[in-house]
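The values are calculated or read from the model by the stated rules, or taken from the named source; none is laboratory data. Just so we're clear, the structure is a prediction, and the values are computed from it rather than from any experiment. Here Cβ is always computed from backbone atoms with ideal geometry, including for glycine, and neighbour counts include all displayed protein chains. Ligands, DNA and RNA are stripped out before the accessible areas are found, and what is left, the full protein with its side chains, is counted by its heavy atoms. Shrake-Rupley method; radii C 1.70, N 1.55, O 1.52, S 1.80 Å.
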Amino acid sequence: MRVRTVLNADEISRAITRIAHEILESNKGAGDLTILGIPTRGVPLAQRLTAKIADIESGVDPAQICGSLDITMYRDDLRHGKLRAPEPTHIPPGGIDGRTVVLVDDVLFSGRTIRAALDAIADIGRPAAVRLAVLVDRGHRSLPIRADHVGKNLPTAVDERVFVGLHEIDGEDTVTISWPDAGEEAQS
């Protein structure tokens, strides 16, 4: 397996700062904003985005606008053996009704995770708008979903793997792409 680093810690930090500014610009401030991270790595990314938004926009209390949205039971691949333990959903005190909800995830690939998140949101309330912020968009959509805010567009081959490492979970901030060596491809 060959591995290449695509983003280092400084580049991830700059991407989060840029996305925070984009969110505030498109929303005309943080007034009616709710930011929900999708576990696992979307949650710390959402927390970082919210902290950055609070640094930029005065009067923003991160605890009032940041939460998490577990989508485990909404996934369409549960019957295929892709199991993981559900994590808590935390909706900020203001709820989501009538608010602009920004879903945050680490990698956008097929779009199925976001479809599940939209289903989960529909069971919780009715936001005014739903937007999507991702650190990496690698393409290969199987559903008509696109991100509104992207840290890095990373065209990939289907057999390549993108890994986002975050300090809170993995001990370091990095985005890597890996692909099989020529000999490994022949063995598949």
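The long axis of helix 112-124 is offset from the longest Cα principal axis of the chain by roughly 20 degrees. Please report, as a whole percent, how much of the solvent-accessible surface of the chain comes from carbon and sulfur atoms (probe radius 1.4 Å). That share works out to 50 percent. Accessible area per residue was computed with a 1.4 Å probe on protein heavy atoms; SER26 scores about 50 Å². For helix 42-56, what angle does its Cα long axis make with the longest principal axis of the chain, in degrees from 0 to 90 and rounded to 10? With both axes taken from Cα atoms, the answer is about 50 degrees. Solvent-accessible area per residue in region 112-188 equals 53 Å², computed with a 1.4 angstrom probe and all protein chains kept. Quick check: from the Cα gyration tensor, does region 5-147 come out rounded (a/c under 1.5), prolate or oblate? It comes out oblate by the Cα gyration axes. With all protein chains kept in place, the per residue accessible area of region 32-107 amounts to 46 square angstrom at a probe of 1.4 angstrom. In terms of the mean number of neighbouring beta-carbon atoms within 10 Å, the peptides 158-166, 84-92 order highest first as 158-166, 84-92.
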